[in-house]
Protein chains: 2
Amino acid sequence: MTHHRMRWEERLWATGHRVTRQRSLILDAVCAGEGHTPLGEIYARVRRADRSIDRSTVYRALRLFVEVGLVVAADTGSGETSYEIKKPRPHHHLVCRGCGGEQEIGDDATAAMFDEVRRRHGFEIATDHLVLFGLCEACRCRAGP
Amino acid sequence: MTHHRMRWEERLWATGHRVTRQRSLILDAVCAGEGHTPLGEIYARVRRADRSIDRSTVYRALRLFVEVGLVVAADTGSGETSYEIKKPRPHHHLVCRGCGGEQEIGDDATAAMFDEVRRRHGFEIATDHLVLFGLCEACRCRAGP
DNA sequence: GTTGATGCAAATCATTTGCATATTC
DNA sequence: GAATATGCAAATGATTTGCATCAAC
């Protein structure tokens, strides 16, 4: 994702980290495909580009990317953590327990809720990436009432 | 929690499982204290009552309790899963990233949001126990804008 | 040339599983 | 007495870490 290249190099630079070939490949792997990508899949993509990159390097790079705000992490309940490039607008994910499908939703519905929680409890929710489980329309129909 | 005893024994019974001394102690340990309890703490409480109970028994019992709807599990992001006795009204938790404090909130705010998601995306959220991270009032003031 | 990043191997941590024995129904 | 639950020990799977070497600045 060439259009990110400038930005992320600057960001690493600004936070006192180095720009390396492996970090570049790992960030590319996060961007390839859509939405979340579980770590295992990111690792697989990276290995396709370079066999010699180690898992620990992938873990370290992802942790760094999250730390400097280039990437968001999400626990999809699948055992392994998923990652996604950080987008300007926060959004959330719906994961269907029936078919395993995922869909992305904007932050409108949640923003209202977050506001109400702040008003009522004085608590500022900072979860920029919510993963909500349930049943999608298709699976609901299939399941019946 | 004597008032639960009848109910949970019946529930296990009804689902074809057995009532054992260890399960009783483990459920007591879930109920002792307030709100969530991480597995490690549950295990510690159980061991205080009976040194011979194994971790695997605790894991198996908790999985069963969740399965039959006596207990809810929550991932608090601490690495280990937390558990709480299932209450009649669903509720959610706010976890402060500043001080680590937790507070419980009702499901009013989220219910509205869940409705909206159903209306707009046809998706029925089934998360009965949300853990939301952010900053509590005290920590927000301390942190400034 | 320094300092930070990588690859490798081994460690850690939460959770699960196989199996012989003990317990509940 | 038959079926299920337990304790024990060993396995699993995700993630982390120590350390010598290598690459970025």
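Take A:LYS87, B:LYS86 and order them by how many other Cβ atoms sit within 10 Å, fewest up front.
Neighbour counts put them in this order, fewest first: A:LYS87, B:LYS86.
Which value does Rg/Rh take for chain A over its C-alpha atoms, Rh per Kirkwood?
Value, to two decimals: 1.03.
Got the relative contact order for chain A handy, in percent, Cα pairs under 8 Å and 6 or more residues apart?
Computed value for chain A: 19 percent relative contact order.
Enter the Cα centre distance for the pair the stretch B:88-123 and the stretch A:99-141, rounded to the nearest angstrom.
With the stretch B:88-123 and the stretch A:99-141 each reduced to a Cα centre, they are spaced 8 Å.
Tell me the net charge near B:GLY106. Cut-off is 10 Å between Cβ atoms, B:GLY106 excluded, with +1 for each Lys or Arg and -1 for each Asp or Glu.
Charge balance in the 10 Å sphere: -1.
Sorted from largest down, give the three principal axis spans of the alpha carbons of the stretch A:76-122, whole angstrom values.
Its Cα atoms span 35, 26, 18 Å along the three principal axes.
Place the label 7 angstrom along Cα→C-beta at A:THR20 and in each other copy, then list the distances from the first to the rest in nm, shortest first.
Label-point separations across copies, in nm and ascending: 4.8.
In what sequence do A:ARG21, B:ARG23 fall when counting other Cβ within 10 Å, fewest first?
So the ranking, lowest neighbour count to highest, is A:ARG21, B:ARG23.
What order do you get for B:72-82, A:48-58 when each peptide is scored by the mean count of other beta carbon atoms within 10 Å, highest first?
In descending order of packing, they fall as B:72-82, A:48-58.
Using the C-alpha atoms of the protein assembly as shown, what convex hull volume per residue, in cubic angstrom, is computed?
Dividing the Cα hull volume of the protein assembly as shown by its residues yields 184 Å³.
In chain B, which residue puts its Cβ closest to the axis that turns chain B onto chain A, and how many whole Å away is it?
Nearest Cβ to the rotation axis, residue and whole-Å distance: B:MET113, 2.
When N is the residue count of the stretch B:3-85, what does its C-alpha Rg come to as a fraction of 2.2 N^0.38 Å?
Working it through for the stretch B:3-85, the quotient is 1.01.
Go through chain A and flag any cysteine with no other cysteine's C-beta closer than 4.7 Å, please.
A:CYS31, A:CYS99, A:CYS139, A:CYS141
Each value in this text was obtained by applying a stated rule to the coordinates, not by laboratory testing. This structure is a prediction, so every number in the text was calculated from the model and none was measured. No Cβ is skipped: glycine too gets one built from the backbone with ideal geometry, and neighbour counts run over all protein chains shown.
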